[in-house]
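The values are calculated or read from the model by the stated rules, or taken from the named source; none is laboratory data. Quick caveat, the model's predicted, so the values are computed rather than measured. We place every Cβ from the backbone using ideal geometry, glycine too, and count neighbours over all the protein chains shown. What goes into the accessible areas is simple: the full protein's heavy atoms, side chains included, and nothing from ligands, DNA or RNA. Shrake-Rupley method; radii C 1.70, N 1.55, O 1.52, S 1.80 Å.
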Amino acid sequence: MGISSRLKIGALWVTGAHFLTNALGLISTVVLARLLVPADFGVAAIGTSLLGILYSFTQFTLGEALIHHEDPHDGHLNTVWTLGVLRAAILALLLLIATPFVASAYQDDRLIIVMVVIATSALCSGFYNPRLAMLKRDLKFRQDLVLNASQKMAMVIVSVILAFIFRSYIAIVGGIVALSVVGVAVSYMLAPYRPKFRLKEAKELFSYSGWLALSEVVSALSWRMDPLIVAKFIGQSGLGLFTVSSNISALPTSETTRLLNTTLFPGFIHVRHDSARLRRAYTRVQSLISAIAIPCGFGMAVLADPLIRLALGEKWLAAIPIVQVLSITYAIKTLGTTADSLAMATGQTRMLFHRNLQALALRLPIILVGLYLGALEGLLVALVITTILGIMLDMMVVKQICGLTHIRQILDNGRALSSGIIMAGLTLFVVGFLPFGNETASSLARIFIGSLVGLAIYSASMFLGWVIAGQPNGPEREIMEIAASVRRRFAAILFAP
């Protein structure tokens, strides 16, 4: 089976994992938002943000090094596992040391419990099975569906049970621990492996992951600092409102690109030595991601009002404008999301470090100014500005590796962008004039009709633009080929003797 076919099958498995985990994540968010208050989400967000920052400082990105390695063996696996355990122990210790200082800085004793629980989760995650990286290296992605679904299911069940019992932030951090524990356990079920302590190959692996690790540190400082800064400016209730809004906004776009990128990095590895094939592969994949993520993000913005009213209730109505802005922002951000996989596959990890350093230098001052001048509204304006600047930096990375200009990259995603804008405008116009009954029925009807109308408008706009452009290779052809592949597989199953 060729690389293209294996990647398409992998994309199907990843897409299945995406829809399943997103559904579970949405259920968890809705139930917790109904049972808890914004301040609970704010307290948990402070702990998880600190975990993300400290994690980046102790993250060796050795899973990517295994995938990139020409001939990895058991010694490499054992070294990666050993370093992972050491990293987790250091991370847990740092979190425990920071606990009293964090509680004092935010004047909230609840953070003591949060930090201890988060440290426990960090320690558990260090025992993750590195052999799963070898499956990705061979373009086998079925395990992603099982792993992600198992983790999300555990998190949802534990979080909901704890929310009913305690009605507090304990439910959120408890779910994070469940996700880590189940993730480690399932990783060994999917790929049997008996680890041994070993450090012999550490230097060899660090030769690839060194710049990538530094890049992760800078990226974490750029993106993980937001909750810590927001909490100081607008308080934990405001942070909780922003966190829930951000999680909901990210569901249709960020999760899609995160999961699809698990197939892109190993896929690009196989064509990294052929610049023409690599350029074509990047263009095809990036345009496909945009064609999926942009309508999802724009659609979330259009339907944010009825979705929030129906799912979260009256106490979360302030989240509606935040979700509307962030959904579009996250959707547009996907225009440069594939740059990371491209740079890692070609070994250009130093380039990622420089890009993230530039992003940090631009982003933090703009965020601080936005919060200072306009509180939450200023933060949203700052996020839009920094997202556009970030896309430009991502496109610069792609230009340096593949030779594609910024204009060429924008044009390659032009049909998805224009169709998304047309869809959002016409769907708002159509749904806004439809008369409905009571609030619950009205919200349900607007979501259902809006989804159908939006899908029809977007599909028609994309197809029309594709025909006018002369039916070139692009996301439309990719989607039709994937649909045909799925249809053949189902037909083979249904009509097998």
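So which of THR263, THR243, THR256 is of a type in the set (Val, Ile, Thr), under 30 Å from ILE308 (Cβ atoms) and modelled with pLDDT under 85? Explain how you work it out, then say what you get.
Values: THR263 fails: under 30 Å from ILE308 (Cβ atoms); THR243 fails: modelled with pLDDT under 85.
Going through THR263, THR243, THR256 in turn, the sole match is THR256.
Residue by residue through the stretch 366-384, note down the ones that are over 15 Å from LEU239 (Cα atoms), within 24 Å of the chain's Cα centre (by Cα) and open to solvent by 40 Å² or more (accessible area, probe 1.4 Å).
ILE366, VAL381, VAL384
When the residues of the stretch 266-280 are filtered to those that are among the hydrophobic types (A, V, I, L, M, F, W, C) and farther than 10 Å from THR338 by Cβ, which remaining residue is modelled with the lowest pLDDT? First the steps, then the outcome.
Restricting attention to the stretch 266-280, the residues satisfying the condition of being among the hydrophobic types (A, V, I, L, M, F, W, C) are 268-269, 271, 276, 278.
Cutting the leftovers down to farther than 10 Å from THR338 by Cβ gives us 269, 271, 276, 278.
Values: ILE269: 64, VAL271: 69, ALA276: 81, LEU278: 80.
Of everything passing the filter in the stretch 266-280, ILE269 is modelled with the lowest pLDDT.
Return the only residue of LYS203, LYS152 being in contact with a helix residue (DSSP H, G or I) (Cβ under 7 Å, 6 or more places away or on another chain) and either assigned to a helix (DSSP H, G or I) or surrounded by fewer than 21 Cβ atoms within 10 Å (Cβ to Cβ) (or both). If you could, list the steps in order and put the result at the bottom.
Numbers: LYS203 fails: in contact with a helix residue (DSSP H, G or I) (Cβ under 7 Å, 6 or more places away or on another chain).
Just one listed residue meets the conditions, LYS152.
Taking the stretch 395-419 only, how many residues are modelled with pLDDT of 90 or more and farther than 24 Å from GLY465 by Cβ?
Counting residues in the stretch 395-419 that are modelled with pLDDT of 90 or more and farther than 24 Å from GLY465 by Cβ gives 4.
Going through VAL453, VAL398 one at a time, which residue ends up being of a type outside the set (Ser, Thr, Tyr) and touching a Leu at 6+ places or on another chain (Cβ under 6 Å)? Spell out how you get there, then give the answer.
Numbers: VAL453 fails: touching a Leu at 6+ places or on another chain (Cβ under 6 Å).
VAL398 is the lone residue from the list that is of a type outside the set (Ser, Thr, Tyr) and touching a Leu at 6+ places or on another chain (Cβ under 6 Å).
Give the number of residues within the stretch 99-111 that are assigned to a helix (DSSP H, G or I) and crowded, with 16+ Cβ neighbours inside 10 Å.
In the first step, residues of the stretch 99-111 are kept if they are assigned to a helix (DSSP H, G or I); the result is 99-105, 110-111.
Checking the rest, the ones that are also crowded, with 16+ Cβ neighbours inside 10 Å come to 99, 102-103, 110-111.
Going through the stretch 99-111 one residue at a time, the tally reaches 5.
Pairs only if they're at least six apart or on different chains, beta carbon under 7 angstrom, first in the stretch 100-115 and farther than 10 Å from GLY47 by Cα, second β-branched (Val, Ile, Thr) and open to solvent by less than 70 Å² (accessible area, probe 1.4 Å); list them, first residue then second.
Close Cβ pairs (under 7 Å, with a partner that is β-branched (Val, Ile, Thr) and open to solvent by less than 70 Å² (accessible area, probe 1.4 Å)) amount to TYR106/ILE46; ASP108/VAL43; ARG110/VAL43.
For the stretch 155-176, name all the residues that are within 19 Å of LEU111 (Cα to Cα) and either without any contact (Cβ under 8 Å) to a residue 60 or more places away in the chain or buried (at least 21 other Cβ atoms within 10 Å of the Cβ) (or both).
Here is the first cut: in the stretch 155-176, the ones within 19 Å of LEU111 (Cα to Cα) are 159, 162-163, 166-176.
If the condition is that a residue be within 19 Å of LEU111 (Cα to Cα) and either without any contact (Cβ under 8 Å) to a residue 60 or more places away in the chain or buried (at least 21 other Cβ atoms within 10 Å of the Cβ) (or both), then SER159, LEU162, ALA163, PHE166, TYR169, ILE170, ALA171, ILE172, VAL173, GLY174, GLY175, ILE176 are the ones that fit.
Six or more apart or on different chains, Cβ atoms under 8 Å: show the pairs whose first residue is in the stretch 441-458 and within 11 Å of LEU303 (Cβ to Cβ) and open to solvent by 50 Å² or more (accessible area, probe 1.4 Å) and whose second is among the charged types (D, E, K, R) and part of a helix (DSSP H, G or I).
ARG446/ASP305
Looking only at the stretch 277-286, count every residue that is open to solvent by 40 Å² or more (accessible area, probe 1.4 Å) and out of contact with any Asp or Glu (no Cβ under 7 Å at 6 or more places or on another chain) and tell me the total.
Looking only at that region, the number is 3.
For the stretch 73-94, check the following and say yes or no: at least one residue is at pLDDT below 80, of a type in the set (Asp, Glu) and either at positive phi or in a helix (DSSP H, G or I) (or both).
Checked the stretch 73-94: at least one residue is at pLDDT below 80, of a type in the set (Asp, Glu) and either at positive phi or in a helix (DSSP H, G or I) (or both).
Given (1) farther than 30 Å from PHE233 by Cα; (2) in contact (Cβ under 8 Å) with a residue 60 or more places away in the chain, identify the lone condition not met by THR405.
The failed condition is (2).
Rundown of residues vs (1) more than 30 Å from ALA163 (Cβ to Cβ); (2) part of a helix (DSSP H, G or I); (3) at pLDDT 85 or above; (4) of a type in the set (S, T, N, Q), yes/no style:
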{"position": "VAL181", "(1), (2), (3), (4)": "no, yes, yes, no"}
{"position": "SER187", "(1), (2), (3), (4)": "no, yes, yes, yes"}
{"position": "LEU214", "(1), (2), (3), (4)": "yes, yes, no, no"}
{"position": "VAL218", "(1), (2), (3), (4)": "yes, yes, no, no"}
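Scan the stretch 411-426 for residues that are crowded, with 21+ Cβ neighbours inside 10 Å and assigned to a helix (DSSP H, G or I) and jot them down. Spell out how you get there, then give the answer.
Keep residues of the stretch 411-426 that are crowded, with 21+ Cβ neighbours inside 10 Å, which gives 413, 415-416, 419-420, 423-424.
Hits for the stretch 411-426 are ARG415, ALA416, SER419, GLY420, MET423, ALA424.
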